[in-house]
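*Asks:* Have a look at this one before I ask anything.
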Amino acid sequence: MNRVREAAPQLAGLVPYDPKYLPASAYLSANENPRDVDAEVREFIARAVARVPFNRYPDPLAGDLRDLIAEANGLDRSCVLLGNGGDELLFDLALAWGGPGRTCLNFPPTFSVYAANARLTNTTVVDIARRDDFSIDEEAAFERLGEGDIDYIIVASPNNPTGLRAPQDFLERLLAATDALVMVDEAYFEFSRSTVRPLLAANENLVILRTFSKAFSLAGVRLGYILANPGVISEFMKVRQPYSVDAVSQAIGSVVYENRARFEPGIREIIEERSRMFDALRTTPGVTPYPSDSNWILFRMEGAGEAWEYLYEAGVLVRDFSATPLLENCLRVTIGTPAQNDEFIRVLRGFAAHRGSERAPAARA
Ligand code: PMP
């Protein structure tokens, strides 16, 4: 047949996720860890991978890694589930708690994958826009929740791309106010040093998402996990791909998790660099940075699109959010190594000075 019938209607107009990964010398666009896994841990990984039987299917539930994560979090293994990156578990959430006739509550601007997954699964999305300072409009959220039709809620904490975590007391009140499943996406919690894990014991409706992609430098490996009560984990198990976490990733993840203390200095450096970068942005003419609990900073400036180009021409790749509603003229820069951060600031200041001098005569006229 030389034609094909149309794909499912919910795909119409949907644009595939595009990380806009272009060649650059400083990758400050995807919130990755600027430092790769250190040489010694790579050695341990090489040895562990050498023992993996490639001809056998992997352990579907990644038992060894699951036990390590459970123990570190003071939980039973039945409270942990691994996935092919946090992304897979976000999709599983929409499959398990969404669907036709079901509704999710979303707080844009936030991670765009939440709404995309809802759309793919024919889940209705109710958006409660964040306030000007990107805090959640709590009153509006509770009022909407009162209608009783929300099936699941996702709150990123810290929120990507705006930067701050959600207040703990808001999350506690949210969990108490509804029986909807509340996912708190803690993909960046190692940089905020704050988690809602202690709330799991009292809240059947809480699920926490974590990832190995950021603090643990494994974005290329694809490993994420959720923490939840066993009843919630069982539902996720029904929708997940049985072998989504391959044996090589399991082996790598176990070695990295056992050695997680070695990532601490790198995390500390990112946190320190974040405040240095914030000050540098704050003192760059025309630039307004937003405070961040994570490994990036969102900032607003006139001519953000041109600034993005200027940075890119100089080899510095950042993320342009200027076309996203509520994020007009906003760019997001991931905290890199000190040298990358210096380079970013040098180029951005060059752009600001260049723009300032172009505009100065007009301003005086
Ligand atoms: N949640 C948030 C808020 C993210 O920014 C990301 C990564 N961009 C993820 C989840 C998923 O990360 P991964 O699939 O790499 O684990």
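*Asks:* Rounded to the nearest Å, what's the spacing between the alpha carbon centres of segment 293-319 and segment 10-34? Just the number, please.
*Replies:* One Cα centre to the other: 14 Å.
*Asks:* Only four residue types carry charge here, +1 at the Cβ of Lys and Arg and -1 at the Cβ of Asp and Glu. Report the dipole size of the chain about the Cα centre in Debye, rounded to the nearest 20.
*Replies:* 700 debye
*Asks:* Separate question: Once phi is turned into ³J(HN,Hα) by the Karplus curve 6.51 cos²θ - 1.76 cosθ + 1.60 with θ = phi - 60°, what whole-Hz value does each residue of segment 170-180 show in order, with x for glycine and proline?
*Replies:* The phi angles translate into 5, 5, 4, 5, 4, 4, 6, 8, 8, 9, 4 Hz.
*Asks:* I'd like the Karplus ³J(HN,Hα) series for segment 131-147: coefficients 6.51, -1.76, 1.60, θ = phi - 60°, whole numbers in Hz, and an x wherever there's a Gly or Pro.
*Replies:* Going residue by residue, I get 6, 4, 8, 6, 6, 6, 7, 4, 4, 5, 5, 5, 5, 5, 4, x, 5 Hz, with x marking Gly and Pro.
*Asks:* Another question, if that's okay. Between 0 and 90 degrees, rounded to the nearest ten: what's the tilt of helix 39-50 against the longest Cα principal axis of the chain?
*Replies:* Between helix and principal axis, roughly 30 degrees.
*Asks:* Let me ask you something else. With N denoting the number of residues in segment 13-71, provide Rg(C-alpha) divided by 2.2 N^0.38 Å, to two decimal places.
*Replies:* Dividing the Cα radius of gyration by 2.2 N^0.38 Å gives 1.69.
*Asks:* What residue among Val232, Leu175, Val248 has its Cα farthest toward the positive end of the dipole of segment 50-258, where the charges are +1 on Lys, Arg and -1 on Asp, Glu, each on the Cβ?
*Replies:* Projecting each Cα onto the dipole axis, the largest value belongs to Val248.
*Asks:* To the nearest Å, what is the center-to-center distance of segment 217-286 and segment 131-170, using C-alpha atoms only?
*Replies:* 22 Å
*Asks:* Between Arg282 and Ala50, what's the calculated FRET efficiency when r is the beta-carbon distance and R0 is 41 Å? Round to 0.05.
*Replies:* Approximately 0.25, to the nearest 0.05.
*Asks:* Can you give me the convex hull volume of the Cα atoms of segment 230-325, divided per residue and expressed in Å³?
*Replies:* Dividing the Cα hull volume of segment 230-325 by its residues yields 214 Å³.
*Asks:* Here is a further query. Show me, for segment 279-287, the HN-Hα J-couplings you get by feeding each phi into the Karplus relation (A = 6.51, B = -1.76, C = 1.60, θ = phi - 60°), rounded to Hz, glycine and proline as x.
*Replies:* 3J(HN,Hα) across segment 279-287, in whole Hz: 5, 5, 5, 4, 9, 8, x, x, 10.
*Asks:* With charges set only on the Cβ (+1 for Lys and Arg, -1 for Asp and Glu), what does the dipole of segment 50-258 come to about its Cα centre, in debye to the nearest 20?
*Replies:* Dipole of segment 50-258, to the nearest 20 debye: 660 debye.
*Asks:* Run through every distinct alpha carbon pair of segment 50-258 and return the Kirkwood hydrodynamic radius in angstroms, one decimal place.
*Replies:* 17.4 Å
*Asks:* Figure the gain on full extension for Met1 and Arg173 (residue separation times 0.36 nm, minus the Cα-Cα span) and round it to one decimal in nm.
*Replies:* 56.3 nm
*Asks:* Compute the length gained on full extension between Arg42 and Asp149: take 0.36 nm times their separation in residues and subtract their Cα-Cα distance, giving the result in nm to one decimal.
*Replies:* Difference between extended and current length: 33.7 nm.
*Asks:* Here is a follow-up. Of Pro34, Pro108, Pro325, which is the most mobile in a GNM of the chain whose springs link Cα atoms less than 10 angstrom apart?
*Replies:* Between Pro34, Pro108, Pro325, it is Pro325 that shows the largest mean-square fluctuation.
*Asks:* Then there is this: Taking amide H atoms as placed 1.01 Å from N in the peptide plane, list the residues 5 or more away in sequence, or in a different chain, whose amide H sits under 5 Å from that of Gly336.
*Replies:* For Gly336, the qualifying residues are Asn341.
*Asks:* Also, quick follow-up: Along each principal axis of its Cα atoms, how long is the chain end to end? Whole angstroms, biggest number first, please.
*Replies:* 69, 58, 55
Any read-out appearing in this document is the output of simple, stated calculations on the displayed coordinates, not a laboratory observation. The shown structure was predicted, so the numbers you read here are calculated from the model rather than taken from an experiment. With ideal geometry, Cβ positions are generated from the backbone for all residues, glycine too; neighbour counts draw on all protein chains shown.
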